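Please read the structure below before turning to the comments.
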Amino acid sequence: MALAIAYDLVTRYRLRLADPRDGRLGELLGHYVLAAAMWNGPRAALVAFYEPPADPAAAGADLAERCDAARRWGLDRLHQQGAQVCDILLIALGPLAGTLSAATRPGDPVRLGVAWVDTASGNAGVVLPIPPGMPSVSELRARARAVHEGAPTPTLAAVDLAERQAVAGGYVAPVRRAMVSQPYLTYSLIAVFVVIWVLEFTTLSIHSTSSGPDICSWGALPNAEFYPSFGQSPACGIAWWRFVSSAFLHDPSSVYHVLFNSIAMLFIGRLVEQLYGRLVLLGVFLITAVGGGLFWVAVSTFAPSLPGIAPISISLGASGGIAGLIGLLLMVGRVQGKNVPVGIAHTVRNYAVTVIVLNVVLTFVFGVSLDINNYAHIGGLITGALLGCFLPPLRSIGGRDPGIVERVVLWGAIAFGAVAMLFALFNLATAIMHPVPLTG
């Protein structure tokens, strides 16, 4: 049982097997059948397995002594290692009854948890809350159940080999592999942006001096109902589907709009696809594009005197959704994905902050007169950061698989986006097939 859990400790939680003769174990030396520790860095950690006495009364006294010794060891380890926090998890290889009242106090640098696993029943439980960054009780229970059902368990040599391979390959190796994978969905989104822009440019050039579809017919999002450029055209209103379709449109009069957003998607979308996967990339892009549009319309309605707000204007472009992807990256490793290597998470967050400064703050200062919709950027960024509190990176790089609710929300957003684009296509087809003649 201890070896089955230890395999996860060295491969997923970055701990190293502790030699039973290692003097760094101090007064814990010889009192545990197996242990794994983190000996350097700002966080010290120890997971130690022991066999509790059969007598419940003796087991309680034994555990109390072990907790006291573990706390003393943790304080000593903080001094020797120069760490900021020490997480300790004691795991009894047998059932323990009751709970302990000596829980870790908030702000205590030594955080001690106690759990038990029982292969006879395939169950596990918690006596003291497990510190963050340690195997959860559900993981322990899953391992106990697997051993109880006869699943093969690794030998000590296999655990040792797995540790050596993890160290030799580097714990960031899975992230490195993800970072060199081809982001095909990102390329596809860029291709969609470019193809739609070419069609916009072509049709609007053809109809520039005659009746026909204008940018509102294509699905741009207005902040108020108005009549477009052709005198007798139907009113351009805030239809629900325009919150999606506007994210795939770009200014047909300038190639720079689609060019800049395509470059931004190449750098930002690639990171999201490689770290979070294709489902999260597309779902978050659509949700945050809608969030950015809603924020802009709300500000236009309730605070029309703010800088950069025109009484009647339209919004189009992928930048709101791209800002949402930046917000998602800003949260990597904070709430979700805490097992992502610290260096990688820190680098990604710094990159996201740099992009935020360049694309939101600077454009807000210098771009108010350049028709840059900063409010859609801000709305998308906030929406993406909120989603980042719930959506995890890929399991292979230290995250987890999305839950059922998360998958339903993401697939629902994609279905919503598909239906919205069908409405936009129908609206455009109607404008093409039934053009309104110009009036003098």
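No value in this document is a laboratory result; all are computed from the given coordinates. Model, not experiment: these values are computed from the prediction. Every residue, glycine among them, receives a Cβ derived from its backbone with ideal geometry; neighbour counts consider all protein chains shown.
Rounded to the nearest Hz, the phi-derived 3J(HN,Hα) couplings of the stretch 147-163 under the Karplus curve 6.51 cos²θ - 1.76 cosθ + 1.60 (θ = phi - 60°) are 5, 4, 8, x, 5, x, 10, x, 7, 4, 5, 5, 5, 4, 5, 4, 5, where x marks glycine and proline.
Backbone amide hydrogens, once placed in the peptide plane, bring Cys236 within less than 5 Å of Phe226, Tyr227, excluding anything fewer than 5 places away on its chain.
Calculated FRET efficiency, Thr202 to His346, Cβ-Cβ distance, R0 = 35 Å: about 0.15 to the nearest 0.05.
How much length, in nm to one decimal, is gained on full extension between Leu266 and Thr155, taken as 0.36 nm per residue of separation minus their Cα-Cα distance? Display every interim value, and only then the final one.
On the way: separation 111, 0.36 × 111 = 39.96 nm, distance 4.52 nm.
Stretched fully, the Leu266-Thr155 segment lengthens by 35.4 nm.
Distance from the alpha carbon centroid of the stretch 275-297 to that of the stretch 385-410 works out to 14 angstrom. Each of Val258, Val195, Val332 has some number of other Cβ atoms within 10 Å of its Cβ, and from fewest to most they run Val195, Val258, Val332. The ranking of Glu139, Glu163, Glu51 from fewest to most other beta carbons within 10 Å of each one's beta carbon is Glu51, Glu139, Glu163. Of the residues Trp116, Trp296, the one with the fewest other Cβ atoms within 10 Å heads the list, and the complete ranking is Trp116, Trp296.
When each of the peptides 16-24, 147-155, 242-250 is scored by how many other beta carbons lie within 10 Å of its residues on average, the order from highest to lowest is 242-250, 16-24, 147-155. Karplus-derived 3J(HN,Hα) values for the stretch 252-257, using 6.51 cos²θ - 1.76 cosθ + 1.60 with θ = phi - 60°, are x, 8, 8, 6, 5, 4 Hz; glycine and proline are entered as x.
Beta carbons within 10 angstrom, averaged per residue: use that to sort the peptides 124-132, 283-291, 86-94, 55-63, highest first. The partial results should precede the final answer.
Numbers: 124-132: 18.4, 283-291: 27.6, 86-94: 22.8, 55-63: 14.2.
In descending order of packing, they fall as 283-291, 86-94, 124-132, 55-63.
Averaging the inverse of every distinct alpha carbon separation and then flipping it gives the Kirkwood radius. What is it for the stretch 2-171, in angstrom units?
On the way: mean 1/r = 0.0617 Å⁻¹.
Hydrodynamic radius (Kirkwood, Cα pairs) of the stretch 2-171 is 16.2 Å.
Taking amide H as placed 1.01 Å from N in the peptide plane, Val110 has its amide H under 5 Å from the amide H of Cys86, each at least 5 places away in sequence or on another chain. Database remark: amide H of Leu89 closer than 5 angstrom to the amide H of Leu46, Val47, Ala48, Gly113 (H placed geometrically; neighbours at sequence offset of 5 or more, or on other chains; Pro and chain starts carry no H).
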